[in-house]
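The values are calculated or read from the model by the stated rules, or taken from the named source; none is laboratory data. Keep in mind that this is a model prediction, so the values were computed, not measured. FYI the Cβ positions are ideal-geometry reconstructions off the backbone, even for glycines, and counts take in every protein chain you see. The area values use the complete protein model at the heavy-atom level, side chains included, leaving out ligands, DNA and RNA. Shrake-Rupley method; radii C 1.70, N 1.55, O 1.52, S 1.80 Å.
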Amino acid sequence: MTRRPLVMGIVNVTPDSFSDGGRLGTVEAAVAHGLRLVEQGADLLDIGGESTRPGAEPVDAAQEIARVVPVIEALRARWAGPISVDTMKPEVARAAVGAGASIWNDVSALTFDPRSADTAAALGCGVVLMHMKGEPGTMQAEPRYGDVVAEVTSWLAARADAAMAAGVARERIWLDPGLGFGKTAAHNLTLTARLDQFVALGFPVLYGASRKRTIQSVDPSAADPTDRLGGSLALALEAARRGAAVVRVHDVRETVQAVALQAAVLSAGS
Ligand code: HH2
């Protein structure tokens, strides 16, 4: 029996996220969106209060907390499933866990703040360690690697070691190659094709390609992120086939259906 990956639904509480464009700018709208994703079959919800889009405005911790905490509290009151907070800031992670989140999704892999690893250990929450080369504002300016898979793999392994040295339990760590974070479309495709090498590190792997620009590099007509569903599904399926434990997506219903059908076919053939 082949198991499908878990599907993490994206809930942005930002006025400038690249694909939602501020549509979910209010607490009510974000909560309603999260509940809709749960109805559509989301296994986890990822709540973010700061866009990591290249060139997005940085947000201070107080503002980020004011965005995400009410949304997490309201979702927690209505749903018992796992909620992650997408933040690089330990203060925000602490407030989010206090409000009911159980996973810290950190696109800086606990490097943004020197207190991050200790905070993660003290909170005892799950931690997603994502690879990023550079910083959100400048990371897409000509990223270069020797062997992108080797470089990202060894960096993630080192970040996992650092987290464990600070006291984060091994079973609470998830790894993510960080598609689009200091990577060209070619890098993103290579990381997807060789995702099994991350899986081989022995941690659950989270994969997020939903609506990202790599899809437009193959289909130039998909300039609008909402026109990237086909590509998003194809990439999620490829990641699933190579062992991804979680796929982070905007289009939950379609992704759950796609990965469930893939698992059913693989099971039928084995
Ligand atoms: N991608 C984005 C944000 N957070 N977290 C993880 N673990 N993996 C990812 O690939 C990832 C992430 C993309 O950033 P943003 O511009 O905020 O857009 P959105 O949240 O709509 O995907």
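When residues in region 150-180 are screened for being of a type in the set (A, V, I, L, M, F, W, C), outside any helix (DSSP H, G or I) and within 14 Å of the ligand (Cβ to nearest atom), 4 of them pass.
Do we find a residue being surrounded by fewer than 22 Cβ atoms within 10 Å (Cβ to Cβ) and at pLDDT below 95 anywhere in region 43-53? Yes: one or more hits.
Checked against the criterion of being within 19 Å of residue 202 (Cβ to Cβ), of a type outside the set (Val, Ile, Thr) and in contact with a Gly (Cβ under 6 Å, 6 or more places away or on another chain), region 110-133 contains one or more residues that satisfy it. Within region 181-227, restricting attention to residues that are in a loop (DSSP other than H, G, I, E, B), within 9 Å of the ligand (Cβ to nearest atom) and in contact (Cβ under 8 Å) with a residue 40 or more places away in the chain, the residue that is surrounded by the most Cβ atoms within 10 Å (Cβ to Cβ) is 208. Within region 114-146, the set of residues being more than 19 Å from the chain's Cα centre (by Cα), open to solvent by less than 70 Å² (accessible area, probe 1.4 Å) and farther than 21 Å from residue 83 by Cα comprises 143, 145.
Results for (1) open to solvent by less than 70 Å² (accessible area, probe 1.4 Å); (2) within 16 Å of the ligand (Cβ to nearest atom), shown as yes or no for each residue.
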| position | (1), (2) |
| --- | --- |
| 61 | yes, no |
| 65 | yes, no |
| 77 | no, no |
| 82 | yes, yes |
| 94 | no, no |
| 97 | yes, no |
| 107 | yes, yes |
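Do we find that residue 102 is of a type in the set (S, T, N, Q), in contact with a Gly (Cβ under 8 Å, 6 or more places away or on another chain) and open to solvent by 40 Å² or more (accessible area, probe 1.4 Å) in this structure? Criteria met by residue 102. Restricting attention to region 102-123, the residues that are closer than 25 Å to residue 199 by Cβ and in a loop (DSSP other than H, G, I, E, B) add up to 6. For residues in region 245-268 being within 16 Å of the ligand (Cβ to nearest atom) and part of a helix (DSSP H, G or I), which is most open to solvent (accessible area, probe 1.4 Å)? For region 245-268, the residue satisfying everything is 254.
Report yes if residue 199 is among the hydrophobic types (A, V, I, L, M, F, W, C) and out of contact with any helix residue (DSSP H, G or I) (no Cβ under 6 Å at 6 or more places or on another chain), otherwise no. Spelling it out, residue 199 is indeed among the hydrophobic types (A, V, I, L, M, F, W, C) and out of contact with any helix residue (DSSP H, G or I) (no Cβ under 6 Å at 6 or more places or on another chain).
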